[in-house]
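The structure appears below as structure tokens.
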Amino acid sequence: MLKKYALVAAAGIMLGALAGCGSSATTSQTTSVTPSSEGPTPVTLKVWQPQMEQTILQAMTEDFDELHPEWDITWDLGVVEEPDLKGTLTLDVEAGADVFAFPDDQLTDLVAAGALSEVQQYKVVVTNRNVAWSVAAATRSDKLYAYPETADNGFFLYYNSSVLTETDVATMDALLTKAETLNKSILFDPAGGWQSASWFLNTGTITYDGTTQTCDWNNAAGLSSAQGMWNAYGTGRILSSGNHAQLYADGDIIASVSGTWEATNISTALGANYAATKLPTFTNGNDVQQQLGSFTGAKLVGVNAYTDFPAAAHAFAEFITNEANQLERALVRGLGPSNTAAGAAAELESNVALAALAAQAPYGVLQSTAVGGTYWTPGGALANAIIANDLGDYATLQAMLDAAVAQIVATAS
């Protein structure tokens, strides 16, 4: 069948040339269907994915066509980066893509906007094949609204194995002692309240249901966490900003906190000394070892509620997020699968970053159901103050925590 593409620039972003990349694996719940005697049904599917996904995406459309001769599909492929999806789609949902990728923290707003077609035909399949928390990230009010594509939006510890042992990276105390001895540093960027939440997530409670934000970080456990964070940064051995790969290459840092997106650059900088693991424990204000937590998040694929071709759109969304295609993304782009079988594949056993992400997973908190818009400004300001060991206008650390939490739990707009 003659393949047809209508290449577009979505939201004013120019689409780069698409190049073929070898055939993606085609294992899927969808099966090949013989066209009727009247011939295949004409279908147009507009698909938005990030620029880095375009080569893989084109290969997947070719495989999907092979599986579905009952549809004569014209592919309308556009570039919209995942963080920009909500803003782009909600400008005109009806004119938006039939299938699109987005981070899970946009799900609540997309559901409220009536932009998502509920997943029904493939709900059991999707639920059974993905890690439970990624399915929860795609669910609201017991309705599944999207297909998990990755489960890798989290962070962990990278380190230089030529100077640090597995014992050294187990605790923040040992890391800081080694950094002091070597006159080096650790990079732990608060990331506007994102990574700095690590110090509180495993003792405090923070939740967001789309309207109401709760947070108890100003209780006794939260104060103890804040004191531990204050003491750690007070050593002067933790940097709060910088380029990971460059700092490793220059020999300025021995460890850093980040996610899979830094894996290639850090691996290049450290070479044979490249290593990663879960985040360490730290000594809190009660002189007790406390595990650093992390936010977790998934990337999802949604189907437009206004698509003219719901059967084909859902079948394609299911296909590009199946086991084989998630494994393909992991191997080609280093993205962490939400599919349990893909995540356990032997081909990924040597992936240092994905192994570290998996080790940190038990200490992760789903970001999309933890924080809303009212968290970021006060959360980031709190982190900056603690990092600087500066109480500002507050008499005590407790008073500063009380003020930050009061702003965090302010009514969401």
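Observations on the model:
- When the Cα convex hull of region 366-413 is projected onto planes of every orientation, the mean area is 3.7 nm².
- Span from the region 156-204 Cα centroid across to the region 315-345 one, whole angstrom: 30
- Rounded Å value of the spacing that divides the Cα centres of region 66-80 and region 380-413: 51
- Exposure proxy order (Cβ contacts within 10 Å, fewest to most) of S258, S134: S258, S134
- Computed on the chain, with alpha-carbon pairs under 8 angstrom and 6+ residues apart, the relative contact order is 23 percent.
- The phi-based Karplus calculation (6.51 cos²θ - 1.76 cosθ + 1.60; θ = phi - 60°) puts the 3J(HN,Hα) values of region 324-335 at 5, 6, 5, 5, 4, 5, 4, 6, 8, 10, x, 8 Hz, whole numbers, x for Gly and Pro.
- Globularity ratio of the chain, using Cα Rg and 2.2 N^0.38 Å: 1.06
- For the peptides 265-277, 340-352, 305-317, the ranking by mean Cβ contacts within 10 Å, running from highest to lowest, is 305-317, 265-277, 340-352.
- Applying a threshold of 18 Å to the alpha-carbon distances of K46/K86; K46/K123; K86/K299 flags K46/K123 as lying beyond it.
- Sorted by Cβ neighbour density within 10 Å, fewest at the top, the residues L85, L247: L247, L85
- ³J(HN,Hα) computed for each position of region 69-76 - Karplus, 6.51 cos²θ - 1.76 cosθ + 1.60, integer Hz, glycine/proline x: x, 5, 10, 9, 9, 9, 8, 10
- Cut-off 13 Å between beta-carbons: net charge of the residues surrounding A263, Lys and Arg +1, Asp and Glu -1: -1
- For region 117-179, the normalised intensity computed at q = 0.23, 0.24, 0.26 Å⁻¹ comes to -0.88, -0.94, -1.06 (log10 of I(q)/I(0), Debye sum over alpha carbons, equal scatterers, no solvent).
- Seen against the Cα atoms of the chain and their longest principal axis, helix 397-408 is set at about 20 degrees.
- Stokes-Einstein diffusion coefficient of region 75-131, Kirkwood radius over Cα pairs, 37 °C, 0.692 mPa s, in µm²/s: 260
- Extents of region 105-241, taken as max minus min of Cα coordinates on every principal axis and listed largest first, are 59, 36, 23 Å.
- Rg/Rg_ref, region 273-381, where Rg_ref = 2.2 N^0.38 Å and atoms are Cα: 1.40
- 0 to 90° range, to nearest 10: angle between helix 376-387 axis and the chain longest Cα axis: 30
- With Rh defined as the Kirkwood radius, the inverse of the mean 1/r over Cα pairs, the Rg/Rh of region 30-174 is 1.10.
- Sequence of V257, V43 once ranked by neighbouring C-beta atoms within 10 Å, starting from the fewest: V43, V257
- Amide H contacts of L239: I186, L187, F188, each under 5 Å away and 5 or more positions distant or on a separate chain (H built 1.01 Å from N in the peptide plane; Pro and chain starts excluded).
Read the figures in this text as sums done on the coordinates, not as results from a lab. Remember, predicted model here, so these are calculated numbers, not experimental data. Methodologically, a virtual Cβ is constructed for each residue, glycine included, from the backbone with ideal geometry; neighbour enumeration extends over all protein chains shown.
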